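Chemist: Mind looking over this structure? Questions follow.
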Amino acid sequence: MPASSRFQITPDLEICRILNGMWQVSGGHGPIDPRSAVEEMFSYHDAGFTTWDLADHYGPAEDFVGAFCREFTTRYGAERLPEIQAFTKWVPHPGRMTRRIVEDAIALSLSRMGVDRLDLLQFHWWDYVDRSYLDALRHLADLQQEGKIRHLALTNFDTERLRIIAGHGIRIVSNQVQYSLVDRRPEIRMAGFCRDHAISLLTYGTLLGGSLSEKYLGRSEPARSELVTASLRKYKNMIDAWGGWSLFQELLAVLRQIADKYRVSIANIGIRHILERPAVAGVIVGARLGVSQHIADNTRVFGFALDGNDLTLMEAVLSRSRDLMQVIGDCGDEYR
Ligand SMILES: NC(=O)c1ccc[n+]([C@@H]2O[C@H](COP(=O)([O-])OP(=O)(O)OC[C@H]3O[C@@H](n4cnc5c(N)ncnc54)[C@H](OP(=O)(O)O)[C@@H]3O)[C@@H](O)[C@H]2O)c1
């Protein structure tokens with residue numbers, strides 16, 4: 001893939017700007033066979049998609065990374081392991097955050113992934129009334145000093161809390177948030193703050209679970225029972241809150257028109273648009289390992305750039321949607 005597919009997220013860490021999302025192996029997205037899933041990870045890596053997004057609670061995702069790294073070492077040698085970037089998350093139950101709780105959680109991820117140090121640890125917090133998230137982050141920063149974590153990051157934090165954390169002198173590399181043509185909340189407050197504080201955005205939901213594709217163009221509104229993955233169901237709710245299925249069809253039609261101009265797919269346009277937004281380092285695209293893959297199609301994202309006319313065409317539809325900042329709130333508020 002071209003050099004433009006890479007991004008230097010920190011001076012010592014380079015990523016692929018399309019990350020492989022592993023929520024899709026956690027159940028609720030169709031059965032996954034561990035052996036073919038790990039084998040499929042080589043197809044992504046060999047095509048240049050070297051960066052993985054996972055979490056402690058994504059079923060076997062951390063174990064798959066461990067198995068992949070072991071098999072990778074056998075095939076290519078340990079000296080090539082730095083080619084792989086694996087970004088996990090820690091999503092603790094709310095409550096008091098002692099050093100022991102934090103240390104044990106990180107030790108578990110290290111052991112499952114079979115590494116001495118986590119490349120990037122993304123921390124999630126459910127309830128801002130409980131300010132223990134600051135204690136957790138202080139302990140994580142200590143573990144970082146001790147070499148267990150290379151970089152600290154967040155997921156689903158809102159702009160206000162990001163400001164508080166930055167004010168406590170905790171260096172955050174990235175915040176992972178929902179960001180798509182349908183959910184543009186990060187543009188209102190988050191992206192500006194991130195740009196001013198050298199924090200990157202990693203985005204999810206950019207393809208709306210696969211709804212942002214030719215497969216759904218011209219289709220009547222799917223019944224709940226037709227939405228076969230947890231991801232499709234999650235983002236159908238978002239489409240409904242945003243403006244509904246018929247406005248979504250108008251968006252798909254405009255995206256198809258733009259895609260024709262570049263001879264690419266609707267998904268390519270959806271990813272490219274978010275990659276071109278301020279503060280965005282990478283888009284995470286869910287991968288149903290061993291079930292379906294779009295590797296060849298997604299490489300095309302790095303072969304074109306959108307122009308002003310394309311944005312005008314999209315805006316003509318997007319301007320008629322509801323303001324999700326008003327309906328839901330800032331980034332991650334849907335989880336709180
Ligand atoms: N921090 C959080 O709270 C959070 C929440 C959700 C997700 N995430 C992260 O983000 C990742 C992405 O998950 P998501 O739920 O947001 O899903 P998504 O990336 O919006 O959608 C993934 C689905 O899009 C389809 N797809 C991919 N490339 C395509 C292409 N070129 N053309 C057509 N369809 C294509 C595939 O569907 P098929 O498999 O059906 O072909 C794939 O399963 C997760 O794995 C996870 O790592 C994080």
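Chemist: If you take the residues in the stretch 309-336 that are among the hydrophobic types (A, V, I, L, M, F, W, C), more than 16 Å from the ligand (Cβ to nearest atom) and open to solvent by 30 Å² or more (accessible area, probe 1.4 Å), which one is nearest to residue 190 (Cα to Cα)?
Modeler: That would be 325.
Chemist: Can we say residue 306 is free of Cβ contacts under 8 Å to residues at least 60 places away in the same chain and open to solvent by 60 Å² or more (accessible area, probe 1.4 Å)?
Modeler: Judged against the criteria, residue 306 is not a match.
Chemist: Filter the stretch 209-226 for residues that are of a type outside the set (D, E, K, R) and touching a Lys or Arg at 6+ places or on another chain (Cβ under 8 Å); which is nearest to the ligand (Cβ to nearest atom)?
Modeler: Only one residue tops the list, namely 209.
Chemist: Mind listing just one residue for me: the one in the stretch 151-177 that is out of contact with any Ser or Thr (no Cβ under 8 Å at 6 or more places or on another chain) and in a strand (DSSP E or B) and, of those, farthest from residue 99 (Cα to Cα)?
Modeler: Applying the filter and picking the extreme gives 155.
Chemist: While we're here: Mind telling me which of the residues 226, 160 ends up being without any contact (Cβ under 8 Å) to a residue 24 or more places away in the chain and over 16 Å from the mean Cα position of the chain (by Cα)?
Modeler: Step by step, each of 226, 160 is checked, and only 226 is without any contact (Cβ under 8 Å) to a residue 24 or more places away in the chain and over 16 Å from the mean Cα position of the chain (by Cα).
Chemist: Right, residue 182: touching a residue at least 12 places away in the same chain (Cβ under 8 Å), open to solvent by less than 10 Å² (accessible area, probe 1.4 Å), within 11 Å of the ligand (Cβ to nearest atom) and assigned to a loop (DSSP other than H, G, I, E, B) or not?
Modeler: On the way: touching a residue at least 12 places away in the same chain (Cβ under 8 Å): yes; open to solvent by less than 10 Å² (accessible area, probe 1.4 Å): yes; within 11 Å of the ligand (Cβ to nearest atom): yes; assigned to a loop (DSSP other than H, G, I, E, B): yes.
Criteria met by residue 182.
Chemist: From the list 7, 49, 72, 87, exactly one residue is assigned to a helix (DSSP H, G or I), of a type outside the set (D, E, K, R) and touching a residue at least 24 places away in the same chain (Cβ under 8 Å). Which is it?
Modeler: Details: 7 fails: assigned to a helix (DSSP H, G or I); 49 fails: assigned to a helix (DSSP H, G or I); 87 fails: assigned to a helix (DSSP H, G or I).
None of the others qualify; the one that does is 72.
Chemist: Could I ask something else about it? Determine which member of the set 277, 288 is within 9 Å of the ligand (Cβ to nearest atom) and either over 17 Å from residue 205 (Cβ atoms) or of a type in the set (Lys, Arg) (or both). Before you say what the answer is, go through the steps one by one.
Modeler: Details: 277 fails: within 9 Å of the ligand (Cβ to nearest atom).
Residue meeting the stated conditions: 288.
Chemist: Moving to a separate point now. Report the residue count in the stretch 15-58 for those that are under 19 Å from residue 208 (Cα atoms), within 13 Å of the ligand (Cβ to nearest atom) and of a type outside the set (A, V, I, L, M).
Modeler: Our first condition is that a residue be under 19 Å from residue 208 (Cα atoms); within the stretch 15-58, this holds for 17-30, 52-54, 58.
Remaining after also requiring within 13 Å of the ligand (Cβ to nearest atom): 18-30, 52-54, 58.
Going one step further and asking which of them are of a type outside the set (A, V, I, L, M), we end up with 20-21, 23-24, 26-30, 52-53, 58.
Looking only at that region, the number is 12.
Chemist: Looking for whichever is over 30 Å from residue 134 (Cβ atoms), open to solvent by 10 Å² or more (accessible area, probe 1.4 Å) and at pLDDT 95 or above here; the options are 218, 192. Which one fits?
Modeler: On the way: 192 fails: over 30 Å from residue 134 (Cβ atoms).
The match here is 218.
Chemist: Condition (residue is at positive phi and not hydroxyl-bearing (Ser, Thr, Tyr)) applied to the stretch 245-262: is it met by at least one residue?
Modeler: no
Chemist: Only residues that are closer than 21 Å to residue 15 by Cα and of a type in the set (Ser, Thr, Tyr): list them for the stretch 259-300, please.
Modeler: 299
Chemist: So, of the residues in the stretch 69-89 that are open to solvent by less than 20 Å² (accessible area, probe 1.4 Å) and under 20 Å from the mean Cα position of the chain (by Cα), which turns out to be farthest from the ligand (Cβ to nearest atom)?
Modeler: The residue in question is 84.
The values are calculated or read from the model by the stated rules, or taken from the named source; none is laboratory data. Just so you know, these numbers come straight off a predicted model, no measurement behind them. Here the Cβ is made from the backbone with ideal geometry for all residues, glycine too, and neighbour counts use every protein chain on show. Keep in mind that these areas ignore ligands, DNA and RNA; they rest on the heavy atoms of the full protein, side chains included. Shrake-Rupley method; radii C 1.70, N 1.55, O 1.52, S 1.80 Å.
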